[in-house]
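In what follows, a structure is listed as structure tokens, so that the remarks can point back to it.
What follows draws every value from the coordinates through simple rules; no lab data is involved. Everything quoted here is computed from the prediction, not taken from an experiment. Ideal geometry is used to build each Cβ from the backbone, glycine not excepted, and the neighbour counts take in all protein chains shown.
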Amino acid sequence: MQKMLSSIVTTVLATSVALAFPAQAKGPVHAPAIQETPLRGHMAFLSSDLLEGRGTGQRGGDLTVAYLEAQMMALGLKPANGNSFRQAVKIAGVRALPKDSNVAIEVGGKAQELAFGNDWVWAPANGKPSNAVNGEMVFVGYGISAPEAGWDDYKGIDAKGKILVMMVNDPAPTAAEPERFNGKGLTYYGRWTYKFEEAARRGAAGVLLIHTDASASYGWSVIQNSWQAEQFGLADSKTATEMQGWMTDGTARKVFKAAGHDLDALRAAAENKDFKPVALGAMVKGDIKATVRAIEQFNVAAVVPGTDPKLKDEVVIYTAHWDHLGMQGTGGDTIYNGAVDNASGTAGLIVMAHAAMHAPTKRSQMFLWVAAEEQGLLGSAAYTASPLWPLNKTAANLNLDSLNFVGGARDIGTQGSERTELASMAAATAKTMGLRISTPKPDLAGVYFRSDHFSFAKAGVPAFSIKGGSDYIKDAVAGQEKQKAYGVRYHQVSDEYDLSWDLSGMVQQAQFTLNLGRMIGNAPKMPAWKAGEALGKARAGK
């Protein structure tokens, strides 16, 4: 646990001085410089023990919202929601009660011996404390319906009332189709969120995903720990099945074998377009009990109005999620401070807003801190469902999630921008800053679908997250090792602010994002999606 209150007070005081007497921006007034001192001060405070890890539904989250709101008031920015900087996000907190439940998988009328946590996990998705389940289990392969790819795992099945069993990830590429479902990369069809959503759209009673370390890109312990804790979802979610959950590969093999099926054979069949759903001859029966609580969290949004009589009706939105994992457990250090993830991005957005107000663009600019990203992009999803600015007049969304704490780099990460005209604009912005675009890599873990920009992309807004570079200017080898070591601290109590950090990389990342936003804000037209990009259909009205 941090023992550095005096340092935090010092840096917060420095922030106040910097805001009251801002340093002169280097360069022309149309390119305001990001200041490191206030960025450091905000990050130190936001990741301090005082804010208790900024947890969803916890006091630390409420304090964080109040802090962000006060900062926007102090800067004199315009509230984005009428007279308020806040946008309510209605969340349902659900915790399964396996000891009070009696749900089971039955084959031939006989319940399989399965332990919650070790063998499978589940919870209601409809926000109800009690759900009676009585559904036939059907294996639907990858659970994908992609007409543009000629793929349909739901052929000839009425999914209503069924418990759908499916694999995560996408169908693998083949020699004949090396780019099938983005080749080695992951598409949104491979994400578990899509699979739950599609099943709900078809009226399924529930979904059980089959976990493997390779397909999920993480071990069963991640699933186990997450689903034994409180689950969060939007209170008015449309993915309201009675049951959502996972089973281990071993559990799936046991159930399939008891029902007379070969899991490996069915997996192999599911790699082909002609696959058809298979009724397993098994049932999920019983009652699922859970505790349910209503939680109100808030997005925080402020606007710098545009200067052009017509273009000011359009907006560029910068986002960062303010939440982290809050306080968990008992004994020892229980605070998940989330310094890099994402006090860094939250602080970066504050100093960007300060800089932007001194040199507005033709289009308006919105600075949006979203809630509950760690719980499934809930704040950004709530925003796009009820936007404070028309989505068809939203030029782009640029997202910051975990800034570069290692140091300045020669490159900048823009992966995901290639789906839109933002790629060429990002390259031009990088060139003006003496940077190069980082070499893209196959998106094996579906990173593009796991940050808040994706809520905007799904709604048709060109969007991506700006990542720090990795070609570090000061001792590249040591920098790579420092970044690699963060993997051990990710989502752990050890993600704490370090006064010795070189924040030049954070300043660089925030400056690039603001510069790119300014280019978009002053461009003659809004950027478009690349031809054939599936995410562009929402903007095109298809």
>> Less than 9 Å Cβ to Cβ from Arg419, Lys/Arg counted +1 and Asp/Glu -1: what total charge do the surrounding residues give?
In response: -1
> With +1 on each Lys and Arg Cβ and -1 on each Asp and Glu Cβ, how big is the dipole of the chain about its Cα centre, in debye rounded to the nearest 20?
Replying inline: 1140 debye
> Label points 7 Å out from Cα along the Cβ direction at Glu148 and Ser221: separation in nm?
Replying inline: 3.9 nm
> What size of dipole, in debye to the nearest 20, comes out for region 94-292 about its Cα centre when the only charges are +1 on Lys and Arg C-beta atoms and -1 on Asp and Glu C-beta atoms?
Replying inline: 340 debye
> What number, in percent, do you get for the relative contact order of the chain if the mean sequence gap of Cα pairs under 8 Å and at least 6 apart is divided by its residue count?
Replying inline: 20 percent
> So how tilted is helix 249-258 from the main axis of the chain? Cα-based, degrees 0 to 90, rounded to 10.
Replying inline: 20 degrees
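May I ask you to order 87-93, 369-375, 115-121 by the average number of other C-beta atoms within 10 Å around their residues, highest value first?
369-375, 87-93, 115-121
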>> Sequence gap at least 6, Cα distance under 8 Å: using those rules, report the relative contact order of region 94-292 to the nearest whole percent.
In response: 42 percent
> Which order results if Leu186, Leu280, Leu391 are arranged by neighbouring Cβ count within 10 Å, fewest first?
Replying inline: Leu391, Leu280, Leu186
> If you work out Kirkwood radius over Cα pairs in Å from the coordinates, which of [x] 33.1; [y] 24.4; [z] 25.4 do you get?
Replying inline: [y]
> With axes computed from alpha carbons, what is the tilt in degrees of helix 59-75 against the longest principal axis of the chain, rounded to the nearest 10 within 0 to 90?
Replying inline: 30 degrees
> Counting Lys +1, Arg +1, Asp -1, Glu -1, what net charge surrounds Ile473 among other residues with beta carbon under 11 Å of its beta carbon?
Replying inline: -2
> Relative to the longest principal axis of the chain, what angle (0 to 90°, nearest 10) does the C-alpha long axis of helix 5-20 take?
Replying inline: 60 degrees
> Computed FRET efficiency, Cβ-Cβ of Leu444 and Lys257, R0 35 Å: what is it to the nearest 0.05?
Replying inline: 0.70
> What FRET efficiency, computed as 1/(1 + (r/R0)^6) with R0 = 41 Å and r the Cβ-Cβ distance, is obtained for Lys276 and Ala528, rounded to the nearest 0.05?
Replying inline: 0.60
> If we count other beta carbons within 10 Å of each Cβ, what is the order of Tyr189, Tyr218, fewest first?
Replying inline: Tyr218, Tyr189
> Which whole-angstrom value gives the distance between the alpha carbon centres of region 203-265 and region 389-449?
Replying inline: 33 Å
> Can you list the HN-Hα couplings for region 289-304, worked out from phi with the Karplus curve (6.51, -1.76, 1.60; θ = phi - 60°), rounded to whole Hz and with x for Gly and Pro?
Replying inline: 10, 7, 8, 10, 9, 8, 10, 10, 10, 9, 7, 10, 9, 9, 10, 9
> Listing Ser500, Ser215, Ser344 from the residue with the fewest other Cβ atoms within 10 Å to the one with the most, what is the order?
Replying inline: Ser500, Ser215, Ser344
> Taking the Cα centre of region 391-542 as the origin, how large is its charge dipole in debye, to the nearest 20, when only Lys and Arg (+1) and Asp and Glu (-1) carry charge on their Cβ atoms?
Replying inline: 740 debye
> For labels at Leu50 and Val488 in the simple 7 Å Cα→Cβ model, what's the distance in nm?
Replying inline: 3.1 nm
> Out of Gln231, Asn337, Gln511, whose Cα points farthest toward the positive end of the dipole of the chain (charges: +1 Lys, Arg; -1 Asp, Glu; placed on Cβ)?
Replying inline: Gln511
